[in-house]
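For reference, the structure is listed below as structure tokens.
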Amino acid sequence: VNPNEAINCRFLGPFSVKVYGEKLKLPNGKKTMGLLAYLLYHHNKPIHREILMSTFWPHSCSESARNSLNTALYNIRKTFQSVKEKPDLLLFKNECYYLNPALTVITDVDQFITHLNKGRRLDLSKGLESSVEEYNHAVELYVNDFLEELRYEDWCDPIRDNLRESYLLALNRLSYFFFESELYSIAINLCQKILIIDPYLEEVHQRLIICYYKTGARDKAIRQYQKCKSVLNEELQINPSEQTTSLFQEIMGSSHDKVF
């Protein structure tokens, strides 16, 4: 699809919309921007008016919520029309709003999921090496969490959590591949990215400890073990596993050429 003949939406990181190649000036107000994001994210299905009202104005009476919805939708249409005279963005039928099917919508989330799913299928059917390119594409698309500026919108939470878990899965498979390929510097970078998001993954700590050691950074390997121990103790009230502790003791008690 030619991007200049479509609506391009970025949800992974700062929310942005391009309409036929021209960047859309987002509407003012968190609710209106959130509603626009919601409609674009759900671009492939109609959404009942009552769902929009209860999602964005859950504490308002029906009449007030309907007025707020109509005002927000008017502003969204106005924003969209300011770019170019094209078909109406939103259509309304059977109490449902939906994006005009004449418009092509491309989103980074859809692309991310497509690459991730293709990577997983290849990983299962042909092995990890065959899936690396697809996992890489997925990881590159994940600039930041889903709609980071709408951090407190409830509807975003399950989507954000699911996408983050999928991102971690891709990072983990990639880090394992580069670790097994003895490309330790790349594996280190990927492990660090994982632990920024989820510092409790002991298996990733182990991988990072070995990577540091293999690249001659024994001091960093030791510090990584201490970080692992600290986060597990302080946050989960557990100790590192025997495997992690044994790994640390080997590093402490051996010269570089005798470990692993």
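Could you work out how far helix 128-141 tilts from the main Cα principal axis of the chain, as a 0 to 90 degree angle to the nearest 10?
Approximately 50 degrees, to the nearest ten.
Leaving out ligands, DNA and RNA but keeping every protein chain, what accessible area does Arg120 have, in Å² rounded to the nearest 10, with a 1.4 Å probe?
100 Å²
Per Stokes-Einstein, at 4 °C and 1.567 mPa s, what whole-number D in µm² s⁻¹ belongs to the range 67-212, with the Kirkwood radius over Cα pairs as the hydrodynamic radius?
72 µm²/s
For the range 187-238, report the % of Cα-Cα distances exceeding 17 Å.
On the way: 365 of 1326 pairs.
Across the range 187-238, Cα pairs with separations above 17 Å total 28 percent.
So how tilted is helix 30-41 from the main axis of the chain? Cα-based, degrees 0 to 90, rounded to 10.
80 degrees
Against the longest principal axis of the chain, how steep is helix 202-214, in degrees 0 to 90 to the nearest 10, with axes from Cα atoms?
Result, in degrees: 50.
Between Ala217 and Ile106, how high is the FRET efficiency from 1/(1 + (r/R0)^6) when r is the Cβ-Cβ distance and R₀ = 35 Å? Nearest 0.05.
Working: r = 42 Å, r/R0 = 1.20.
The calculated FRET efficiency here is 0.25.
May I ask for the Rg/Rh ratio of the range 113-185, computed from Cα atoms with Rh as the Kirkwood radius, given to two decimals?
Radius of gyration over Kirkwood radius for the range 113-185 works out to 1.06.
Straight-line reach from Lys45: which lysines have a Cα under 26 Å away, not including same-chain ones fewer than 8 places off?
The reachable lysines, counting only those whose Cα sits under 26 Å from Lys45, are Lys18, Lys23, Lys25, Lys30, Lys31, Lys78, Lys84, Lys86, Lys93, Lys118.
Full extension from Asn189 to Glu250: what is 0.36 nm times the residue separation minus their Cα-Cα distance, to one decimal in nm?
19.6 nm
How about the range 110-177: which chymotrypsin sites (Phe, Trp or Tyr not before Pro) there lie in a loop by DSSP and see at most 15 other Cβ atoms within 10 Å?
Here the chymotrypsin sites (Phe, Trp or Tyr not before Pro) that fit, given the DSSP loop and packing criteria, are Tyr152.
Consider just the alpha-carbon atoms of the chain and return their Rg together with their Dmax, both in angstrom.
23.6, 75
For a Förster distance of 22 Å, can you work out the FRET efficiency between the beta-carbons of Asn117 and Asn162, rounded to the nearest 0.05?
FRET efficiency, Asn117 to Asn162: 0.95.
The values are calculated or read from the model by the stated rules, or taken from the named source; none is laboratory data. Bear in mind the structure is a predicted one, so any value in this text is a computation, not a measurement. FYI the Cβ positions are ideal-geometry reconstructions off the backbone, even for glycines, and counts take in every protein chain you see. With ligands, DNA and RNA removed, areas are computed over all heavy atoms of the protein, side chains included. Shrake-Rupley method; radii C 1.70, N 1.55, O 1.52, S 1.80 Å.
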